[in-house]
Each structure stands twice: as structure tokens, then as C-alpha cells.
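Here is the structure we will look at.
Values in this text are rule-based calculations from the coordinates and carry no lab data. Here the structure is a predicted model, which means the values were calculated and not measured. A quick note on method: Cβ atoms are made from the backbone with ideal geometry, for glycine too, and the neighbour counts reach across all protein chains shown.
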Amino acid sequence: MAGVRLVAREVSARTATFVVWGVLAGAAVALQAVATTTHRIPTIGQVIRSVVRNPIVRAVSLVAWLWVGWHLFVRSSR
Amino acid sequence: MGRREGHRDKRLPGVTGATDRVRLGIGFAVFMAFGWWVTAQEPFSTAGTVGVLAAGIALIVAARMTRRDEAEPPDVPPTGMRRGAVLWGGLAALAVVWELVTLFGQPRSEHPTISSILDPLQASHGFRWLLFGGWLAFGWSLAR
């Protein structure tokens, strides 16, 4: 019985994690759709372009981007 | 006439005309051809590390060299820009917090991070290559 409860809890933890990721991704898609259709808020591209206009922010962003590339294509297990 | 000078293509930052689009296409194809080799390297290999860094630095240099100083004002009112910054910033902050929550959660199989969700997909060389293309495109938009 305890084992069944443990399995149920572990499954729900995994499911909850995916649900949160799904909600965040859905919110991003919805925001982008609202921005593109209404022009009342900026798209993600417009926000990024306005943020990286600052050279320091741009430099930090590019270093982070290089690290993401290394993380995705060199470090990741497969 | 209502159109900006240079007939700027809104979809691609820094791309103004047909010639620029052709150059961009050729450059992207060269980077993607190199990316096919980079994404075929073994994990943690020196060749992979050098390849990713070389591609990234070359892209930054290319983006900066071909950059034009054309500040295109967004077609969003200033209040909308502020509201959008709050919304997008809040969403990004939530994503970072959730990534950290899952990163420190154990076991990893029950608390998957973005990386661990992508890992099984990354078993496919084709998927890694497409992801490399997305990574390049994002870097281009940052570097311009």
C-alpha cells in the first residue's frame, strides 16, 4: 500500500513538472500571439532587441548564448 | 508613402533587401553545413567544444560586421512596451525559478529540467542539427 502511494506520488511529481513547463510554454505562445495580433505589447523579439541595445547586456547575453551552445551540443548526454 | 527608407524587412533584424537576404541565406547554409559536423562530435570532445565556440564567435563577428545602425522604433506605445517588459520578464523569471526548482529536485527523472527533457530528443543527429540552427538564429538576433 505504501509502495502504491509512493509510485503515485512520484508519477504526480513528474507530471506536475511537465504541466508547469507546458503552462509556461503556453503562456509564452499566448503572449507572442497577443503581441503579434494586437501590437499593444511587444513581441519577444522586440523585447530582446530593446534589451540588447545596452552593450554590457549584449555582451553578457552573448556569453550566456555561447555557454548554452556548449551545454546543448557538447555537454548533453546522448 | 508611409514606408520607411530602405524597405526594411521586419522579420529579419538587419536585413534590408534581396541581396542581403541572398547573402544571409548563403551564410546560414555555410554555418549549417559546419553545424552538421559539429553536432556529430562526441559529447565532451575537444573538437565539439572548439567547433561550437568557433561557430559562435564567427557568427558574432559576422553579425557585428554586417550590422547597420537602423533603429527601428517598435510599433507599440511606450506604456505597452513597459507592460510587455513586465509580462515577458515575469515569464522569464518564472521559467528560471522553475528550472532551478527542478535542477535541485531529485531524482532527475521525476524533476526533469529543460536539458533532461531535450536529452532523449538529442539522440537524433537531425534534431541536434535543427536545434543548432535555432541556436544560430537566436545568437544572430542577439549580436545584431
Exercise. Which value results when the Cα radius of gyration for the stretch B:25-144 is divided by 2.2 N^0.38 Å?
Worked result: 1.34
For this session: Provide a whole-number value for the mean count of partner chain Cβ atoms within 10 Å of the Cβ atoms in peptide A:60-71.
Result: 5
Problem set entry | Options B:54, B:40, B:76, ranked by Cα towards positive dipole end of the stretch B:20-92, top entry (Cβ charges) | B:76
For this session: Could you go through the stretch B:36-46 in sequence order and give the Karplus-derived ³J(HN,Hα) for each residue, using 6.51 cos²θ - 1.76 cosθ + 1.60 with θ = phi - 60°, rounded to whole Hz, and x for Gly and Pro?
Result: 4, 6, 4, 6, 9, 6, 5, x, 6, 7, 5
Problem set entry | Average beta-carbon neighbours from other chains, 10 Å sphere, peptide B:38-49 | 3
